[in-house]
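Let me begin by presenting the structure, written as structure tokens, before commenting on it.
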Amino acid sequence: MTKIIIIDDHQLFREGVKRILDFEDSFEVVAEGGDGTEVVKLYEEYKPDVVLMDINMPQKNGVEATGELIENFPDAKVIMLSIHDDESYVTHALKTGALGYMLKEMDAEAIIQAIKVVAKGGSYLHPKVTRNLVMEFRRLSERENKGSFHQTEIRRPYHLLTKRESEVLQLLTDGQSNRVIGETLFISEKTVKNHVSSILQKMQVNDRTQAVVTAIKNGWVEVR
């Protein structure tokens, strides 16, 4: 059973997320809080596997609360919930110690998948957030290398991945969700998930974000 705490100052949002999680037999919401000031006490009392943390709260925001939580409990696993997809919010949250960053526009499947991944020690970013981070990565690389990062030729990784897996990898770089990838390639979401798992295994990375960054560095995908 994966134990979860939800910290968000909007009660209706908490209730909505809780209803989503109640459909997953392996999830249990053990506590809720309305501000970041409560998270350390709740974590100490309930010892959850994952904390869902709103980034904007009136007394102590999610980034500050995550930093305090990680300082007291270094193994705590936090997924940040936000309406902001700007890379500055994301990088700040991740630097503080969050393992996930989800937009509040997420669908039920995405939040369930994120919790499962983070509970196992992985990281999970909303596809839209991944896209913005990729673009920021490119801007920084261009600045550091004075333009040498510009890709003059794309070398698809057919030595490592199948043609279909290479197509999926490109769509991951574009920030597309599993559902959109399936619709684009005319395959099922389950098949997309299988392709993503195979890609991660073959590239020897832990999550989608690492796969995208590695692919960009090697010139295997277009940043468009």
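The values are calculated or read from the model by the stated rules, or taken from the named source; none is laboratory data. Computed from a predicted model, the values in this text were never measured in an experiment. Note that we place each Cβ from the backbone using ideal geometry, even for glycine, and neighbour counts take in every protein chain shown. Keep in mind that these areas ignore ligands, DNA and RNA; they rest on the heavy atoms of the full protein, side chains included. Shrake-Rupley method; radii C 1.70, N 1.55, O 1.52, S 1.80 Å.
Of note:
- The stretch 50-67, subset among the charged types (D, E, K, R) and open to solvent by less than 60 Å² (accessible area, probe 1.4 Å), residue modelled with the lowest pLDDT: K60
- The single residue among D75, D49, D54 that is within 19 Å of the chain's Cα centre (by Cα), at negative phi and without any contact (Cβ under 8 Å) to a residue 24 or more places away in the chain turns out to be D75.
- Qualifying residue in the stretch 7-30 (condition: modelled with pLDDT of 90 or more, open to solvent by 60 Å² or more (accessible area, probe 1.4 Å), touching a helix residue (DSSP H, G or I) at 6+ places or on another chain (Cβ under 7 Å) and outside any helix (DSSP H, G or I)): no
- Among the residues of the stretch 78-97, those that are of a type outside the set (G, A, S), out of contact with any helix residue (DSSP H, G or I) (no Cβ under 6 Å at 6 or more places or on another chain) and without any contact (Cβ under 8 Å) to a residue 40 or more places away in the chain comprise I83, H84, Y89, L94, K95.
Yes/no per residue for (1) open to solvent by less than 70 Å² (accessible area, probe 1.4 Å); (2) farther than 24 Å from A119 by Cβ:
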| site | (1), (2) |
| --- | --- |
| G182 | yes, yes |
| F186 | no, yes |
| K190 | no, no |
| K193 | no, no |
| S198 | yes, no |
| V205 | yes, no |
| W220 | yes, yes |
| V223 | yes, yes |
